[in-house]
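I have placed the structure first, in the form of structure tokens, so that the comments after it can refer back to it.
Quick note: the coordinates plus some simple rules give every number you see, no bench work behind them. Fair warning: this is a prediction, and the values are worked out from it, not measured in the lab. Quick reminder, even Gly has a Cβ in these numbers, built from the backbone with ideal geometry, and neighbours come from all protein chains shown.
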Amino acid sequence: MKNRILIIEDNENERILYKEELEKDGYFVLVASSGKEGLSIIEKENLDLIILDLKMPQMDGLEVLGKILSKRKNLPVIIYTSYSEYKNNFLSWAADSYILKSSDISELKNKVKELLEIKKI
């Protein structure tokens with residue numbers, strides 16, 4: 001069975017790119033354009049990993065992360081953001097990884113693979 005990944009990202013172009021790239025690697029990918037939509041999907045779906053943007057309208061990624069951790073503590077979360085200043089935020093430390101966005105998404109893809117392999121153990 002394919003690993004199920006949720007991408008929570010408000011930028012439509014980035015959401016599409018990440019989804020396509022991860023599907024090429026054989027993952028089943030769901031997408032959400034907001035934190036609220038992402039939390040709704042998390043409640044309904046059996047997921048293996050979440051990729052989470054931080055700067056989003058209405059509910060930022062750190063608030064979403066807090067809600068994820070309160071419900072699904074063992075669900076791996078990768079923060080994938082353009083903003084390095086949140087790396088020192090205490091709540092961001094609860095994520096399994098903090099990666100700065102880049103035009104080369106190989107670091108993200110490698111971290112997804114690594115966390116899913118660890119989860120299987």
Chain lengthening between ASN46 and GLU107 when straightened (0.36 nm per residue, less Cα-Cα): 19.5 nm
Anything over 22 Å Cα to Cα? Flag those among LYS44/LYS101; LYS55/LYS113; LYS24/LYS113; LYS2/LYS111, in the order listed. LYS44/LYS101; LYS55/LYS113
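Using only the Cα atoms, what convex hull volume per residue in Å³ does segment 4-120 have?
Here the figure is 94 Å³ per residue.
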5 Å is the cut-off here: which amide hydrogens, built 1.01 Å from N in the peptide plane, fall below it relative to SER97, excluding neighbours closer than 5 in sequence? VAL77, ILE79
Sequence order, segment 109-118: Karplus ³J(HN,Hα) from phi using 6.51 cos²θ - 1.76 cosθ + 1.60, θ = phi - 60°, Hz rounded, Gly and Pro as x, gives 4, 5, 5, 4, 4, 4, 5, 6, 5, 5
Answer in debye to the nearest 20: the dipole magnitude of the chain about its Cα centre, from +1 Lys/Arg and -1 Asp/Glu charges placed on Cβ, is 480
Over segment 4-120, what is the relative contact order in percent, taking alpha-carbon pairs closer than 8 angstrom and at least six residues apart? 22
Give me the net charge of LYS73's neighbourhood, meaning all other residues with Cβ under 14 Å from the Cβ of LYS73; Lys, Arg count +1, Asp, Glu -1. +3
Highest mean first, how do 21-29, 6-14, 107-115 rank when packing is the count of other Cβ atoms within 10 Å averaged over residues? 6-14, 107-115, 21-29
Counting only DSSP loop positions in segment 33-73, the trypsin sites (Lys or Arg not before Pro) whose Cβ has at most 13 other Cβ atoms within 10 Å are LYS55, LYS73
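Give, as a single signed number, the net charge of other residues whose beta carbon lies under 10 Å from the beta carbon of LEU100, with Lys and Arg counted +1 and Asp and Glu -1.
Residues near LEU100 contribute +1 overall.
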Karplus-derived 3J(HN,Hα), 6.51/-1.76/1.60, for each residue of segment 84-98, Hz, glycine and proline x: 7, 5, 7, 4, 8, 6, 3, 5, 5, 5, 6, 6, 6, 7, 10
Show the residues, 5+ positions off or on another chain, whose built amide H is closer than 5 Å to the amide H of LEU30. ILE5, LEU6, ILE7
Sum of side-chain charges, GLU14 neighbourhood, beta-carbon under 9 Å (Lys, Arg +1; Asp, Glu -1): -2
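Rounded, prolate or oblate for segment 76-121? Axes are the square roots of the Cα gyration tensor eigenvalues, ordered a ≥ b ≥ c, and the cut-off for rounded is a/c under 1.5.
Here segment 76-121 falls in the oblate category.
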Starting at the first residue of segment 14-24, write each ³J(HN,Hα) from the Karplus equation 6.51 cos²θ - 1.76 cosθ + 1.60 with θ = phi - 60°, in whole Hz, x for Gly and Pro. 5, 4, 5, 4, 4, 4, 4, 5, 6, 5, 4
